[in-house]
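Input: a single structure, listed below in C-alpha cells.
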Amino acid sequence: MADTPTGQVGTAIDDRFASAERFTTLRGLRAEAERQLSPSAWNYLWTGTGDERTADDNTAAFDRRQYTTPLFAGISNPDTSTTVLGYDLGFPAFTAPFGGEATFHPDGHLAVGRAAERAGIQQMVPVAASYSLEDVAAASSVASVFQLTFVGEEDHVVEMMHRAADAGYRHICVTYSPIRQWRERLLEDRFSPRTNLAESNFGQGRSDPAPLVELLEFTQPRWNWEQAKRAIARSPLPCIVKGVQSADDARASIDAGAVGLYVSNYGGRTIDRTAATIDLLPEIRAAAGPDIPIVLDSGIRRGSDIATAIALGADAVALGRLVAIGLAADGERGVLRTLELLQQEFWTTLGHLGVSSVAELSPAVFRNAR
C-alpha cells in the first residue's frame, strides 16, 4: 500500500468541532455569565418563586419528551426559517420581554435588539426595560412587540399603547400581574436591580407613573376580562395575550380580541407549583384551533427544546433566560452567539428528526406518538 501523501490525512479529518469562536456552547456562555455577575445578580437572573418547583419542572418537562429518529427519511437541507404574526424569522424565536436587564449588561435591550436583528429574529420589549421604548425601538429594526401590564387606569394603559405605535412597534403584548412575586433568593439577598423603571418609561415627558405605582402598591381591584377586552379594542395595534396557561385562558383571550396567544408561566417566577408550559401547550392549541399564532416560553434551554415546542403546537418560542445569559456573558456579542448556537442546534435537531422544514414538525416526532 502506498504511503499517504503529506497533508492528505489532515484534509480528511472531521473538523466540524473546531471553532475560532470564543463560546462554542450554551454551557460555556452560562459559565461566563455566572462568572461576570455577582451572586445576587445571578440569583435575580436564575431564580423562580417559592421552592422553585415550577422553574425546575419547566425544563424537566422538556426532558421527559423522547424523540424517534427515522432511517432513510430522504430529507433536504433543513430550513429553519418561518413566518409568525407576519414576521419573517430565521428560526422560530423571539427574544422575550424580560425587564431589569441593565443588571446583566449596561447596554440592556439596546444590545438585545441589535443581536436579534443580526440573527434574523424579532424582539419583544418590556415596559420594565432599562431604556425607554423609543430608545429600544431606535436601536434596531426588530423591536416589533411591546409588552405592558394591564393594571391601573385604562386611559393610562391605552396612552402607552399609542406611544408604542408612534415609536414603530407593530404588536402589543398584554399581560396580567395580580400581586407581587414571592422570590426567596431575592428576599434573602435583599436584592435591588441596577435600574429605575420610573426613569425609563415613566415620569416627566413620558407616561404617567400611576400604573407602575398601582402595580406595586395594589390599591385597586385588578382587571377582569371585560376591562381587558375594552382596552384591546382601543389599542392602535393588534394585541397578543401573555400568560395563557389553560384552554379557558386561550378562549377568553381570543374572545377579548387577541390575534395571538403567548403561553407562559413567566419562567416559574410568579407563583410556584403551576404546570410546565410545554405540558399545557397541546390543550391550548386544541382550544385555539389551528390558525391562531402561539408563542411559548418557560423552560427553553436548547435548540432541541424549540423543536419540541413547535412539534407540540407552538409557532415560535420566546427566549428570556438564555438571552439574559448571553447578555451577561458578553453583551451584544454574547446574545448573538446564544442565538447562533440555538439556531444551529435547532437545524441539527430537524435533520435527525427527518424533517426538512419547521412546518413538518408534528407530534409524530415523539417516540410515544404512535
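Tallying residues that are surrounded by 24 or more Cβ atoms within 10 Å (Cβ to Cβ) and out of contact with any Ser or Thr (no Cβ under 7 Å at 6 or more places or on another chain) within the stretch 85-102 yields 6. For the criterion of being in contact with a helix residue (DSSP H, G or I) (Cβ under 7 Å, 6 or more places away or on another chain) and charged (D, E, K, R), Asp279 passes. For the stretch 259-288, which residues satisfy the criterion of being open to solvent by less than 10 Å² (accessible area, probe 1.4 Å) and at negative phi? Passing the criteria: Gly260, Leu261, Tyr262, Val263, Ser264, Asn265, Ala276, Thr277, Ile278, Leu281, Ile284. Screening Thr308 with (1) over 22 Å from Met161 (Cβ atoms); (2) modelled with pLDDT under 95; (3) buried (at least 21 other Cβ atoms within 10 Å of the Cβ) gives one miss only, at (2).
Looking across the stretch 134-152, the residues that are modelled with pLDDT of 95 or more and among the small types (Gly, Ala, Ser) come down to Ala137, Ala138, Ala139, Ser140, Ser141, Ala143, Ser144. Cβ-Cβ contacts under 6 Å between residues 6 or more apart (or on different chains), taken from a first residue in the stretch 333-346 that is more than 12 Å from Ala116 (Cα to Cα) to a second residue that is part of a helix (DSSP H, G or I) and of a type outside the set (A, V, I, L, M, F, W, C), are listed as Leu342/Gly303; Glu345/Gly303; Phe346/Gly303. Would you confirm, using the coordinates I've provided, whether Ala128 is open to solvent by 20 Å² or more (accessible area, probe 1.4 Å), modelled with pLDDT under 95, over 19 Å from Ser235 (Cα atoms) and among the hydrophobic types (A, V, I, L, M, F, W, C)? Against the criterion (open to solvent by 20 Å² or more (accessible area, probe 1.4 Å), modelled with pLDDT under 95, over 19 Å from Ser235 (Cα atoms) and among the hydrophobic types (A, V, I, L, M, F, W, C)), Ala128 qualifies. Of all positions in the stretch 243-257, at least one carries a residue that is within 15 Å of the chain's Cα centre (by Cα) and either among the hydroxyl-bearing types (Ser, Thr, Tyr) or at pLDDT 95 or above (or both). Counting only helices (runs of 4 or more DSSP H) that sit completely within the stretch 89-177, those holding 1 or more residues that are among the β-branched types (Val, Ile, Thr) and over 28 Å from Gly313 (Cβ atoms) correspond to 133-139, 154-167. Scanning the stretch 330-370 for residues that are of a type in the set (Ser, Thr, Tyr), in a helix (DSSP H, G or I) and open to solvent by less than 50 Å² (accessible area, probe 1.4 Å) turns up Thr338, Thr349.
Residue count for the stretch 247-257 under the criterion of being surrounded by 24 or more Cβ atoms within 10 Å (Cβ to Cβ) and either over 13 Å from Gly289 (Cβ atoms) or of a type in the set (Ser, Thr, Tyr) (or both): the result is 1.
Those helices (runs of 4 or more DSSP H) of the stretch 23-82 in which 1 or more residues are hydrophobic (A, V, I, L, M, F, W, C), open to solvent by 20 Å² or more (accessible area, probe 1.4 Å) and touching a Ser or Thr at 6+ places or on another chain (Cβ under 7 Å) occupy 26-36. The criterion of at least 1 residues that are under 17 Å from Gly48 (Cα atoms) and among the β-branched types (Val, Ile, Thr) is met, among helices (runs of 4 or more DSSP H) falling completely within the stretch 237-329, by 277-288.
The values are calculated or read from the model by the stated rules, or taken from the named source; none is laboratory data. What you see is a predicted model, and the numbers here were worked out from it, not measured in a lab. A quick note on method: Cβ atoms are made from the backbone with ideal geometry, for glycine too, and the neighbour counts reach across all protein chains shown. We work out accessible area using only protein heavy atoms, side chains counted, and drop any ligands, DNA or RNA first. Shrake-Rupley method; radii C 1.70, N 1.55, O 1.52, S 1.80 Å.
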